[in-house]
Structures are given as C-alpha cells and as structure tokens.
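A short worksheet on the structure shown next.
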Amino acid sequence: MNRYPLLDSLQSIEDFRRLPDASLDALAAELRAFMIENVSKTGGHLASSLGAVEIILAMHRVFNSPKDRFVFDVGHQAYVHKILTGRRERFSTLRQKDGISGFPKREESEHDAFNVGHASTSISAALGLARAMHLRGEGGVAVALIGDGAMTGGLALEGINDAGQANMPLIVILNDNNMSISPNVGSIQRQLTNMRMSRGYLRFKRALVRLLDTGRFGKWLSSHMETFKNRVKSFLLPNQLFEEMGFSYFGPIDGHNTQELIRVFSRAKALHGAVMIHVITQKGKGYAFAEKNPERFHGVSRFDVATGAAAAAAKKSNSEAFGEALLELAAENSSVVAVTAAMPLGTGLCPFAKRFPKRFFDVGIAEEHALTMAAGMAAGGLRPVVAIYSSFLQRAYDELLHDICLQRLPVVIAVDRAGLVGDDGETHQGVYDVAYLSTLPGMRIYSPASQQELQSMVGMALLRQEPAAIRYNRGSLMQALLSTPIAFGKWEIMRPITPVTIVATGCMVEEALHVARELDVGLVNARFIAPMDEALLETLKTQCRHVITVEDAVVSFGKSVALRLSPLPVTQIGVRDEPVPQATVAEQRAICGMTRADIAAAVKEAL
C-alpha cells in the first residue's frame with residue numbers, strides 16, 4: 001500500500017502548485033507522517049517543522065520561489081520546504097555526512113535564499129534581499145518566517161525597526177507557538193499572548209474602521225480628528241506593537257488552516273510594503289508525543305515512532321554534571337545565581353530553576369543581554385554563572401570584552417557544546433571560542449578533561465574574583481578520579497615527560513591518553529588555556545625535542561604553545577581553518593585529522 005500517494009505525485013514545486021486546493025489537508029497529513037518516519041531514524045528538529053506544515057504549504061502556494069525569496073529564521077521549521085523543493089528523495093540523509101543539511105543552505109537549492117542556523121536573523125536578511133531586488137530592478141517579495149521565541153533577540157527588533165520605514169516589499173510571518181526551545185519568557189511574549197487571546201480582533205477592527213470611516217459622524221472624525229481616531233484605535237486594538245513600527249498587521253490567524261493562510265498571504269502580497277502576519281500554531285502538531293512534550297522533540301535523536309522513546313543515554317552528560325555542581329555550590333552560597341538564554345534544559349539548569357526559582361533567570365534568546373545583565377549582577381555583588389552554547393556565545397563578543405572583561409567582573413561562563421558538535425553542522429560548531437576568548441584581557445579559560453575536573457572547576461571559578469569561561473563538549477567527558485588536585489593555572493603531567501610529548505586539552509585528553517599509552521610517550525593535560533602553565537612549558541622546552549598539541553577547536557591553543565616553545569618543533573592538531581560540515585563527531589574528527597590514528601601518526605613521525 002502506498003503510504004504517500006500525494007507526495008509521490010509531486011516531482012517538483014510546479015507539481016505542487018498544480019495540486020487542487022481540496023488536496024492540501026491530505027498532503028499536510030502525509031508530510032507529517034513522512035517527517036516523523038524519517039526523523040525517527042536520523043534525528044532532527046521535528047516539533048518545529050510539524051507545527052509549520054500549513055504555513056509552508058501556503059507560502060509555496062501564494063509566493064513564487066525562487067523569484068520570491070524565503071528566509072527561515074534558524075531554519076528548524078524548514079523541512080517541508082526542503083521536501084517540496086526537490087529534496088524529498090534525499091530526506092533520509094538529513095543531517096548525515098554528505099547528506100542534506102538540517103537548515104536551509106544556498107548550496108543545496110535555489111529555493112534556499114539565505115543560510116541560517118542562529119535565531120533572530122531572518123528579518124534583517126530578508127530586508128537585505130528585498131533591497132537588493134529593488135536596486136537590481138527585479139520583481140518579487142522577500143518573506144521572513146520567524147518564531148515568536150526569536151523575537152526576543154535584539155537583531156530581530158533592529159530589523160523590524162529598519163523595515164518599518166524602508167518601504168520595501170517585505171512580509172514577516174510570525175509563527176507564534178509560545179515556544180522557542182523551551183517555553184518563551186518576557187514582556188514581548190506577554191504582548192503576543194494578549195494579541196493571541198484577542199480572537200475577535202479582526203471582526204472588531206473591521207467594525208471600528210467602518211464606524212470611523214463611514215457615515216456622517218465617522219467621516220467628520222476621519223477628516224477632522226485623525227489623532228482622536230488613532231488614539232481610539234490604539235486604546236482598543238491589540239496590534240499597535242507592529243503597526244506603530246510601520247507594519248501592516250494581519251492576525252492572529254489559525255496557522256493550521258491552509259485556506260485562511262492562503263487568503264491572508266495573498267492579501268499581504270498585494271500590499272507591496274512591510275507586512276506582519278501573526279500566525280498561531282501548535283509546536284509538534286500531528287504527533288501526540290511531540291505535542292505533549294515539544295521541548296524534548298525540538299531537537300531529537302533517533303526515537304521509536306510508536307512510543308516516542310529515544311535511546312537512553314549511556315552516560316551522564318557534561319551539562320548534567322555542570323548542573324549538579326552548580327546546584328551544590330548554590331546551596332552553600334546564596335549569592336550564586338544562574339542565567340541562561342532560552343536553554344534551561346540543554347544546559348542542565350532545570351534542577352537549579354526548580355530548587356532556586358528566585359535565583360534563576362531565563363532571558364530568552366538574548367545572549368548579549370544575558371551577559372551584560374550578568375555583568376550588572378556581578379557589579380552588584382552577586383556571583384552569576386551564565387550557561388550558553390559555544391556557538392551562541394560568539395554572538396556576544398562585545399559584551400564579553402566591554403562589559404565583563406574591561407571591568408574585571410567575576411562572571412563565570414559555562415561554555416557548553418564547545419568543540420565539534422556533530423549533525424547540526426557548520427553553524428553550530430563550538431570551535432571558535434578559544435581563539436576569541438584567549439584575546440580578552442583578564443579572561444581565564446578552564447578546560448576540563450573529565451567530569452570530575454569540570455565540577456571542581458565550577459567551584460574554583462566561583463571562588464576567584466575574575467572573569468572565567470569553562471568550556472566542555474557535547475556528550476560526556478571521561479570519568480577519572482583527580483589523581484592530581486587542581487591548582488589554578490597549573491597543568492597535570494599524566495605520563496612522564498619524554499623527548500616526544502603530547503600536550504592535550506579538554507575532551508582530546510582522553511584520545512591522547514590511548515595514544516600515549518600505546519606508544520609510551522609523555523602526556524600533559526592542559527587544564528587551563530589561560531593562564532598557561534609557564535613553568536611546565538619551560539620544562540618541556542628543556543626536556544623535549546618535539547611536542548604535539550591536541551585541541552578540539554580551531555588551532556589556537558597549539559599556536560600559543562608553539563610560540564612559547566620556539567624554536568622547538570610543535571605539531572599542532574586541531575580543527576582546520578575551514579567550516580566543518582555535518583557528520584557524526586567521530587566523522588568530523590576524521591575530516592579534521594584529529595582521530596587517535598592521526599595523533600599516533602604525528603607521534604610516530606616525531607619519533
């Protein structure tokens with residue numbers, strides 16, 4: 001039995017455009033079943049795409065991609081777009097090595113107008129595309145699809161501010177599902193909730209406009225009391241957040257009613273200006289387990305479709321180990337507070353939030369704000385710990401420098417997902433933090449090789465009155481007893497120094513340890529990237545004839561070691577100076593020449 005008869009009939013986007021309107025609901029059901037079946041095998045961002053099915057169908061029904069340019073914020077909701085634009089046959093390769101990306105990617109299709117992966121970028125990018133089309137004399141509309149969670153990002157508000165006065169054909173579709181990864185927070189979310197709850201808004205607006213613009217009394221008001229009219233509308237209508245910024249506002253609209261979406265999108269397209277379409281959807285729509293737990297199914301590993309169960313983790317994650325340590329420290333010190341940017345689950349802070357709700361702060365997708373607010377907390381006598389993924393921390397470089405480091409404020413940053421991250425690919429690799437953190441004045445960089453070191457370093461960083469970053473990878477560091485107590489700024493000699501010695505840091509210590517044992521060479525665990533252990537470096541310089549450095553980042557630690565050991569030869573193993581594509585972490589290490597075999601080959605060559 002053919003499970004996907006409508007999907008099988010669509011070989012191109014033109015086939016979809018010829019599909020009768022009456023078939024769209026059935027197609028939506030097939031698309032949901034197809035995504036659930038495939039993502040259960042590959043993993044991926046399922047709940048977001050399930051919630052946006054009808055929106056994507058309506059977009060491709062009304063707008064003419066690629067002439068009309070689609071920009072997806074983050075891209076979590078773009079799976080249906082990929083399927084409709086010629087990538088259905090390759091969908092089983094989603095997020096796999098040499099497969100299709102989990103995010104829109106210009107190299108993949110002419111229908112992907114802009115590469116994405118981080119939140120809040122779509123409105124600015126779409127406005128740039130609209131201006132480019134205008135200046136080049138091309139027709140078409142730029143369409144940005146953004147989630148309500150991404151609206152908390154400052155870049156989204158900057159884009160809205162500019163677009164409202166730009167007089168460009170730009171349509172922003174606000175997909176409001178009350179979620180980013182975790183439930184949304186903040187005053188913008190409260191405003192959207194008020195608008196969402198005004199189900200009679202459109203009917204009331206039409207009636208009010210008719211009252212003020214028709215009849216003798218209404219015409220008199222319109223011609224002589226425009227200010228009064230606007231004030232009445234502002235008082236009674238909930239759409240002023242966007243209309244006051246220059247957008248025509250439509251909504252709230254049922255985001256699972258394809259025909260209504262098509263009608264509204266068509267009206268918006270005809271306006272030839274900045275339009276905000278507020279759409280209400282359910283994240284995880286059509287799959288009961290995702291509807292019930294959209295946070296877990298936001299980004300999911302392989303799972304059983306029948307039960308919704310994912311394979312149990314074999315080991316405690318580093319995020320969990322960090323969260324446990326912070327919880328214990330907070331119980332002892334009431335000045336310890338935790339901050340996250342919409343990632344309480346992913347960073348291991350949910351237990352902290354439950355136990356210390358008044359000392360836990362989720363600021364939404366707003367990393368810059370998170371760090372500057374933490375700087376203010378530190379200046380006010382608190383001890384803030386900010387947990388942020390490495391790839392998102394890079395968005396707040398200026399705040400790190402200007403607000404934290406130049407004031408030498410004791411903010412501790414838990415740099416989660418540092419290093420290679422696997423199937424999310426280029427946009428999410430946490431391999432750049434060492435390079436830029438190392439340049440910041442007064443920043444201390446901790447690099448634990450085991451979960452025991454990680455937990456001890458959280459306590460050490462909180463005791464010191466200085467900026468600190470503790471970087472650790474996705475997954476689980478090795479379990480190893482602290483045979484050598486941690487001393488600030490000191491490295492650990494794990495195997496006696498030999499003429500050829502490996503200096504490894506972070507999660508790469510475990511890989512180097514296997515090689516050092518096999519080839520009987522020295523091994524140093526570089527527990528700190530800043531400051532470096534200058535005394536031990538001098539020892540290496542006098543006792544070694546060749547050193548191999550190993551790091552899970554774009555080579556920067558190795559360069560610093562080589563500079564200090566010059567003219568001693570130093571082989572530097574790390575991420576190459578080019579984007580690392582999606583694959584498993586093991587495959588990415590092979591791509592970058594960072595496997596145990598690569599380390600062993602470097603040692604043998606040195607020997």
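The values are calculated or read from the model by the stated rules, or taken from the named source; none is laboratory data. Computed from a prediction, not measured in an experiment: that's the story for all the values here. Cβ: placed from backbone, ideal geometry, glycine included. Neighbour counts: every protein chain shown. What goes into the accessible areas is simple: the full protein's heavy atoms, side chains included, and nothing from ligands, DNA or RNA. Shrake-Rupley method; radii C 1.70, N 1.55, O 1.52, S 1.80 Å.
What the table below lists for this structure:
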| item | result |
| --- | --- |
| Hydrodynamic radius of the chain per Kirkwood, over alpha carbon pairs, in Å | 26.2 |
| Signed unit charges on C-beta, dipole axis of segment 414-467, positive-most listed residue Gly419, Gly459, Gly430 | Gly459 |
| Gyration tensor verdict on segment 4-54 (Cα atoms; rounded if a/c is under 1.5, prolate if a/b is larger than b/c, oblate otherwise) | prolate |
| Total formal charge among the other residues, if their Cβ is under 15 angstrom from that of Ala126, Lys/Arg +1 and Asp/Glu -1 | -1 |
| Sparsely packed trypsin sites (Lys or Arg not before Pro) within segment 471-555, loop by DSSP, other Cβ within 10 Å at most 13 | Arg545 |
| Residue among Gly154, Tyr446, Thr340 farthest towards the positive dipole end of the chain, charges placed on Cβ | Gly154 |
| Cα pair distances exceeding 19 angstrom across segment 405-556, given as percent | 52 |
| Greater than 21 Å apart at Cα, pairs in Lys41/Lys285; Lys82/Lys283; Lys283/Lys315; Lys97/Lys292; Lys490/Lys541 | Lys283/Lys315; Lys97/Lys292 |
| Cα gyration tensor category, rounded, prolate or oblate, for segment 23-95 with a/c compared to 1.5 | prolate |
| Sites Tyr397 and Glu37 - FRET efficiency at Förster radius 45 Å, r taken between beta-carbons, to 0.05 | 0.65 |
| Computed magnitude of the charge dipole of segment 484-607 (debye, nearest 20; Cβ of K, R +1, Cβ of D, E -1) | 260 |
| Surrounding net charge for Arg589, when Lys and Arg each add one and Asp and Glu each subtract one, Cβ distance under 10 Å | -3 |
| Cα centroid separation, segment 341-388 to segment 548-600 (Å) | 32 |
| Rounded if a/c under 1.5, otherwise prolate or oblate - segment 234-350, Cα gyration tensor axes | oblate |
| FRET efficiency for Gln165 and Ile493, using Cβ-Cβ distance with R0 set to 60 Å, rounded to 0.05 | 0.45 |
| Tail weight of P(r) past 24 Å, computed on alpha-carbon pairs of segment 401-491, percent | 23 |
| Relative pair counts by distance (%), Cα atoms of segment 547-602, 5 Å bins | 4, 20, 28, 22, 15, 7, 3, 1 |
| Cβ charges +1 (Lys, Arg) and -1 (Asp, Glu), total dipole of the chain, debye | 1540 |
| Tyr4/Arg136 FRET efficiency (R0 25 Å; Cβ-Cβ; nearest 0.05) | 0.05 |
| Percent accessible area from carbon and sulfur atoms, segment 537-581, protein chains only, probe 1.4 Å | 50 |
| Fraction of antiparallel bridges per DSSP, the chain only, in percent to nearest 5 | 15 |
| D (Stokes-Einstein, µm²/s), Kirkwood Cα radius, segment 315-390, 1.002 mPa s at 20 °C | 174 |
| Cα principal axis extents for segment 455-503, largest first, Å | 38, 26, 18 |
| Cα gyration tensor of segment 261-415 - equivalent ellipsoid semi-axes, whole Å, descending | 34, 26, 13 |
| Selected from Pro581, Met59, Leu7, residue furthest toward positive end of dipole (the chain; charges at beta carbon) | Met59 |
| For the chain: accessible area per residue (Å², 1.4 Å) | 41 |
| Residue-span extension gain [Leu607 to Glu260] - 0.36 nm each, minus C-alpha spacing | 117.8 nm |
| Rounded to the nearest 20 debye, dipole of segment 475-530 from Cβ charges on Lys, Arg, Asp, Glu | 200 |
| Calculated P(r) of segment 38-137 - Cα pairs past 24 Å, % | 19 |
| Net charge of neighbours whose Cβ lies under 15 Å from the Cβ of Gly430, counting Lys and Arg as +1 and Asp and Glu as -1 | -3 |
